[in-house]
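Participant: Structure below; questions to follow.
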Amino acid sequence: YGTGETHSVREFCEKAFKTVGIKNWQKYVESDEEYFRPAEVDLLIADASKARKKLGWKPKTSFSELVRIMVEADLAREESQ
């Protein structure tokens, strides 16, 4: 997913929970600094410029759409078990 955009875990949670109709996602997600890495990289951005130049590739799926697809796949897997 190399759009050159950056998205936070917070943004992912907001969109994922919104997909299932939950606005207050903080009620369901806990954060514990014990699990934070001391040398955590604050900003990661995928660079797909080489794929664009050599292959003519461009992203077709937006971040919001990707989150929706992931949530729906998880829900479908749960329902099938």
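Participant: Taking neighbour Cβ counts within 10 Å as the exposure measure, how do Asp47, Asp74 sort from fewest upward?
Facilitator: Final ranking by Cβ density, sparse to dense: Asp47, Asp74.
Participant: Another question, if that's okay. May I ask for the angle, rounded to the nearest 10°, between helix 9-19 and the longest principal axis of the chain, with both axes built from Cα atoms and the value confined to 0 to 90°?
Facilitator: 70 degrees
Participant: With +1 on the Cβ of every Lys and Arg and -1 on the Cβ of every Asp and Glu, and nothing else charged, how large is the dipole of the chain about its Cα centre, in debye rounded to the nearest 20?
Facilitator: Dipole magnitude for the chain comes out near 740 debye.
Participant: Go ahead and collect, in residue order, the members of the stretch 1-26 whose backbone nitrogen is under 11 Å from a label point 7 Å along the Cα-Cβ direction of Trp57.
Facilitator: So the set is 1-3.
Participant: Among Pro59, Thr6, Gln26, flag the residue with its Cα farthest along the positive direction of the charge dipole of the chain, charges on Cβ as +1 for Lys/Arg and -1 for Asp/Glu.
Facilitator: Pro59
Participant: Pull out the extension gain between Lys50 and Glu5, defined as 0.36 nm times the separation in residues minus the alpha carbon to alpha carbon distance; nm, one decimal.
Facilitator: Working it through step by step, the gained length comes to 14.6 nm.
Participant: Would you please name the trypsin sites (Lys or Arg not before Pro) within the stretch 3-81 that are DSSP coil residues with at most 12 other C-beta atoms within 10 Å of their C-beta? Write out the running numbers ahead of the final one.
Facilitator: On the way: sites: Arg10, Lys15, Lys18, Lys23, Lys27, Lys50, Arg52, Lys53, Lys54, Lys60, Arg68, Arg77; in loops: Lys23, Lys60.
Passing both the DSSP loop test and the Cβ count: Lys23, Lys60.
Participant: Mind checking which lysines have their C-alpha under 25 Å from Lys60, skipping anything on the same chain fewer than 8 residues away?
Facilitator: Here the lysines satisfying the reach criterion relative to Lys60 are Lys15, Lys18, Lys50.
Participant: In terms of Cα to Cα distance under 16 Å, which aspartates and glutamates are near enough to Lys53, apart from those fewer than 8 places away along the same chain?
Facilitator: none
Participant: If you don't mind, there's one more thing I want to ask. Could you pull out the chymotrypsin sites (Phe, Trp or Tyr not before Pro) across the stretch 1-41 that fall in loop regions by DSSP (anything but H, G, I, E, B) with no more than 12 other Cβ atoms inside 10 Å? Can you show the working numbers first?
Facilitator: Details: sites: Tyr1, Phe12, Phe17, Trp25, Tyr28, Tyr35, Phe36; in loops: Tyr1, Tyr28, Phe36.
Those satisfying the criteria are Tyr1, Tyr28, Phe36.
Each reported figure results from applying straightforward, stated rules to the coordinates on display, with no laboratory input. Note that the structure is predicted; figures quoted are calculated from it, not measured. Backbone-built Cβ (ideal geometry, glycine too); neighbour counts: all protein chains shown.
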